[in-house]
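Data block below; observations after.
The values are calculated or read from the model by the stated rules, or taken from the named source; none is laboratory data. All of these numbers come straight from a predicted model, not from anything done at the bench. Glycine gets a Cβ as well: all are built from the backbone with ideal geometry, and neighbour counts include every protein chain shown. Accessible surface areas use protein heavy atoms only, side chains included; no ligands, DNA or RNA. Shrake-Rupley method; radii C 1.70, N 1.55, O 1.52, S 1.80 Å.
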Amino acid sequence: MLKWLKDHWTGTQLTPEQGIEEIVLGNSRFVCERTKEDFEGYSGEQHPFVTMLACCDSRVHNMVFGFEPMDRVFEIRNIGNQLRPSAGSIDYGVTNLKTPIFLVLGHSNCGAVKAAMGDFSNETMEMIDELCDLHLPLRADDGKDAFDNRWQLNIQRNVDYQVMQALRRYRDRVENGSLAIVGAVYDFINKYGYGHGRIVLINLNGMVSREQILASEALPRLKEVLKEACIGRLKSPAQQ
Ligand SMILES: [Zn+2]
């Protein structure tokens with residue numbers, strides 16, 4: 001465990017006072033570690049090249065890419081990384097900021113997907129509304145395998161579904177080569193075997209197999225980079 005976390009995390013939730021203290025001190029550290037030059041490049045406008053739809057989960061960060069300067073990702077987040085509840089914000093990134101990448105980023109152990117697999121009738125109406133939408137991507141789950149395996153597969157199914165929705169919405173841009181839609185899983189439990197914290201590419205413009213993605217002529221300049229990428233897919237028992 002990191003020293004900072006060890007010193008601060010007591011195992012119980014912080015009080016509001018402690019929370020404000022953490023925010024103030026955390027931001028002071030952030031400011032101290034940077035110069036005004038770090039901000040000058042984007043003081044007038046932002047320059048993202050990725051519109052990223054991710055889950056709200058606090059374990060997921062665009063910092064996993066280590067992009068500098070810090071304005072490279074136009075980030076939209078909601079529970080279960082879903083297109084529908086945030087379609088307007090996503091449109092802004094793809095059609096106004098014209099980012100060449102739309103990234104749907106799911107993640108291991110997604111609590112929203114887990115909730116959608118169970119009974120969430122006691123949650124608020126708004127939460128029920130957002131979780132109900134996850135029933136569509138999960139409809140291929142036959143409930144036969146161990147829960148944990150189904151959970152991780154459903155996370156994948158959800159990413160595929162959101163990519164499919166995005167393809168319907170932005171097909172013209174994909175077809176004219178100005179947009180690539182990427183589905184990936186942020187794997188912080190090393191379920192895919194590429195290492196903890198790896199971004200595993202599972203879907204590119206609707207292509208879902210490594211062979212398909214590598215053989216595609218859609219993005220010819222990417223061939224060499226894709227050979228280095230972690231492209232993979234968990235398989236259901238029926239596929240194994
Ligand atoms: Zn999640």
Among N205, F65, G19, which residue has its Cα positioned farthest towards the positive end of the charge dipole of the chain, with +1 placed on the Cβ of Lys and Arg, -1 on the Cβ of Asp and Glu, and the dipole taken about the Cα centre?
N205
Heavy-atom accessible area of E17, protein chains in place, probe 1.4 angstrom, given in Å² to nearest 10, is 130 Å²
For the chain, the percent of accessible surface on carbon and sulfur atoms (probe 1.4 angstrom, ligands and nucleic acids excluded) is 54 percent
Heavy-atom accessible area with a 1.4 angstrom probe orders V174, V185, V24, most exposed first, as V24, V174, V185
Computed over the chain, protein heavy atoms only, probe 1.4 angstrom, the accessible area per residue in square angstrom equals 59 Å²
What residue among I213, I101, I20 has the largest mean-square fluctuation in a Gaussian network model of the chain, using Cα springs under 10 Å?
I20
For the chain, with only Lys/Arg (+1) and Asp/Glu (-1) charged at the beta-carbon, what is the dipole magnitude about the Cα centre, in debye rounded to 20?
840 debye
Could you order L222, L179 so the one with the most accessible surface comes first? Probe is 1.4 Å.
L222, L179
Using a cut-off of 9 Å between beta-carbons, work out the net charge of the residues near A112 (Lys and Arg +1, Asp and Glu -1, A112 not included).
-1
Based on alpha-carbon atoms only, what is the radius of gyration of the range 44-239 relative to the globular estimate 2.2 N^0.38 Å?
1.00
Considering only F74, F49, F39, give the residue with the highest GNM mean-square fluctuation for the chain, with springs between Cα atoms whenever their separation is below 10 Å.
F39
Ranked by GNM mean-square fluctuation in the chain (Cα springs under 10 Å), the top entry among N205, N27, N122 is N27
